[in-house]
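Chemist: Dumping the structure here so I can ask a few things about it.
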Amino acid sequence: MATLLVILAHPDDESFGPGGTLAKYAHHGVAVHYLCGTRGESGTVDAERLNGYADVAELRMAELACAAKELRLAGVHFLGYRDSGMAGAPHNGMEGTLHAAPLDEVAGRIASFIERLRPDAIITHDQYGGYGHPDHVKLHQATMRAYELLYGIEWKLQPDGLWSVVKQNAPAPRLYFTIIPKRLLKLGVRVMPLLRQDPRRFGRNKDIDLVQIASWDVPVTTRIDTRRYARIKQAASDCHASQQPPARGSRIVRFLFRRNSSFEYFARAYPPYRRGEKLETGLFGD
Ligand SMILES: [Zn+2]
């Protein structure tokens, strides 16, 4: 039985991001493990949602447990850090945050999970952290560093946004980044002002600049058909009720937020993508 390890920063990244892919592989008998960087305790939550929970972390753990059940995950694990806000948010430098932790410490914790779970493939954030969240960027860097520690891999970022391997000492699990399809986003950024929405001030906290994000190109190497799992992805996303986007009535925002329920997109870092290779349709060379 194959094992897939997903390393993302927050409880909800697994569902809002590659949820359809996780559901698909779990359905096909792959052991899908989620290694979550933080418990999402700094996230903003409407006060009435906290009824019955000791704190935000407890609420978000319950939401993640609900999503894990929908996606049929084999296990949920935690790196044990506190989360931070977008760049410049006040508590970002606080002790115990993923943001403030030394890179090698985070990489060491990730490496020990990789050694224990022995995954065939790993999914993490891309070098831009998807939409630029510092916790996402940190986990990307720490996972790349874990590959250096475990397999002696020396990475080189190519001008086109793909990664190559300069040298390595041992074979490594396949490595993918979950990515936002930029073509769709570029279209959204043009359409939003027509609907009197500011694409530079997007999201629950209005701190997401979609114009900048649309300029961060990471080439798609892998496109997974998740149409049959769209309902499960939606159910898992619904579990994270406290993290839903505010403008529920706005179709374009909802459309953008869900990205695409038909296909999910990835960039393969290992084994390195060879120029001219055809688009992959799975994570295991399938
Ligand atoms: Zn996140």
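Chemist: Given the condition farther than 14 Å from Leu22 by Cα, in contact with a helix residue (DSSP H, G or I) (Cβ under 8 Å, 6 or more places away or on another chain) and either open to solvent by 20 Å² or more (accessible area, probe 1.4 Å) or at pLDDT below 95 (or both), answer yes or no: does some residue in region 261-275 qualify?
Modeler: yes
Chemist: Exactly one of (1) free of Cβ contacts under 8 Å to residues at least 60 places away in the same chain; (2) under 24 Å from Val56 (Cβ atoms); (3) open to solvent by 60 Å² or more (accessible area, probe 1.4 Å) is unmet by Glu70. Its number?
Modeler: Among (1) free of Cβ contacts under 8 Å to residues at least 60 places away in the same chain; (2) under 24 Å from Val56 (Cβ atoms); (3) open to solvent by 60 Å² or more (accessible area, probe 1.4 Å), Glu70 violates only (1).
Chemist: If a residue must be over 20 Å from the mean Cα position of the chain (by Cα) and either within 15 Å of the ligand (Cβ to nearest atom) or open to solvent by 40 Å² or more (accessible area, probe 1.4 Å) (or both), how many such residues does region 28-63 contain?
Modeler: 14
Chemist: Ok, one more. Which ones in region 98-126 are in contact with a strand residue (DSSP E or B) (Cβ under 8 Å, 6 or more places away or on another chain), surrounded by fewer than 20 Cβ atoms within 10 Å (Cβ to Cβ) and of a type in the set (S, T, N, Q)?
Modeler: none
Chemist: Only one of (1) within 16 Å of the ligand (Cβ to nearest atom); (2) surrounded by 14 or more Cβ atoms within 10 Å (Cβ to Cβ); (3) within 25 Å of Ala214 (Cα to Cα) fails for Ala87. Which number is that?
Modeler: (2)
The rows are residues; the columns are (1) open to solvent by 20 Å² or more (accessible area, probe 1.4 Å); (2) within 16 Å of the ligand (Cβ to nearest atom).
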site: Met144; (1), (2): no, no
site: Glu148; (1), (2): yes, no
site: Asn169; (1), (2): yes, no
site: Lys186; (1), (2): yes, no
site: Val189; (1), (2): yes, no
site: Arg200; (1), (2): yes, no
site: Ile208; (1), (2): yes, yes
site: Gln212; (1), (2): yes, no
site: Ser215; (1), (2): yes, no
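Chemist: Any residue in region 122-132 that is within 22 Å of Met1 (Cα to Cα), away from the ligand (no atom under 16 Å from the Cβ) and modelled with pLDDT of 95 or more?
Modeler: yes
Chemist: Here's another thing I want to ask about it. Give me the residue from region 1-18 that is modelled with pLDDT of 95 or more and more than 13 Å from the ligand (Cβ to nearest atom) and, out of that set, farthest from Ile123 (Cα to Cα).
Modeler: Looking at residues that are modelled with pLDDT of 95 or more and more than 13 Å from the ligand (Cβ to nearest atom), I get Ala2.
The values are calculated or read from the model by the stated rules, or taken from the named source; none is laboratory data. These numbers come from a predicted model, not from an experiment. Using ideal geometry, Cβ is built from the backbone for each residue, glycine included, and neighbour counts are taken over all protein chains shown. Accessible surface is based on the protein model in full, side chains and every heavy atom, while ligands, DNA and RNA are left aside. Shrake-Rupley method; radii C 1.70, N 1.55, O 1.52, S 1.80 Å.
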